[in-house]
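Read through the structure below, which is laid out as structure tokens, and then see the notes.
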Amino acid sequence: GAGVSQSPSNKVTEKGKDVELRCDPISGHTALYWYRQSLGQGLEFLIYFQGNSAPDKSGLPSDRFSAERTGGSVSTLTIQRTQQEDSAVYLCASSTAWIGKNIQYFGAGTRLSVL
Amino acid sequence: GNSVTQMEGPVTLSEEAFLTINCTYTATGYPSLFWYVQYPGEGLQLLLKATKADDKGSNKGFEATYRKETTSFHLEKGSVQVSDSAVYFCALSGDGGSQGNLIFGKGTKLSVKP
């Protein structure tokens, strides 16, 4: 596609429910990243994929968070048993490879509100 | 670990004023440095980057020079416009072929008044 696409753009959920956030990266980009943007914490790195593999999950805030990527393309970030502190904008980015100097292209984000 | 510190603002300037947003970093080796911008209601966009010491990144009248001796990457623009109103983020990523994820500063909100 023309850019990184994320869906939904907004999600309102009740505390304790599970949510799935989707990211469709730029075609051909092998590296995919998830970040979280919140007022208190700024922009935090969550997890990255190189192809379908996520070598480092240490950025995920708790074991309620998980992510997968299939076919080297679309990725989903799942948050189980949502809490109010999970409210944030979740950003996805992609780049041609997981190399520091490569440019990351960001999607518009999913704004998650947990009531 | 690696980190980025930038002035948090908010910064309010009149149109045509000179802009400086300070950014310093802590990192091992030779990180790549970036400025991203987030316009109201939009996603993050790359503004400029520099991948080695003494490189100058530039775009849309903005400039930043990678200074390893002072571990800095300050953003400057000689004459700001109302359309430059946005939040600016300084970021770094790791050395060479490793650590591709970005570490961001807290962001600086810039408002330019006509």
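The values are calculated or read from the model by the stated rules, or taken from the named source; none is laboratory data. What you see is a predicted model, and the numbers here were worked out from it, not measured in a lab. Here Cβ is always computed from backbone atoms with ideal geometry, including for glycine, and neighbour counts include all displayed protein chains.
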Q | Conditions (1) at pLDDT below 90; (2) surrounded by fewer than 18 Cβ atoms within 10 Å (Cβ to Cβ): number failed by A:A54 | A | (2)
Q. From the residues in region A:61-115 that are assigned to a strand (DSSP E or B) and out of contact with any Leu (no Cβ under 9 Å at 6 or more places or on another chain), which one is farthest from the other protein chains (Cβ to nearest Cβ)?
A. A:V114
Q.
So B:A64 ticks every box in (1) assigned to a strand (DSSP E or B); (2) under 23 Å from A:A108 (Cα atoms) but one. Which box is left unticked?
A. (2)
(Q) Only one of A:L32, A:L21, A:L39 is aliphatic (A, V, I, L, M), without any contact (Cβ under 8 Å) to a residue 12 or more places away in the chain and either over 27 Å from B:K52 (Cβ atoms) or in contact with a strand residue (DSSP E or B) (Cβ under 7 Å, 6 or more places away or on another chain) (or both). Can you tell me which? (A) A:L39
Q. Which of the residues that make up region A:5-36 are modelled with pLDDT under 95 and within 21 Å of B:F104 (Cα to Cα)?
A. A:A31, A:L32, A:Y33
Q: Please work out which residue is surrounded by the fewest Cβ atoms within 10 Å (Cβ to Cβ), limiting yourself to region B:5-32 and to residues that are over 14 Å from B:L110 (Cα atoms) and at pLDDT 95 or above.
A: B:T5
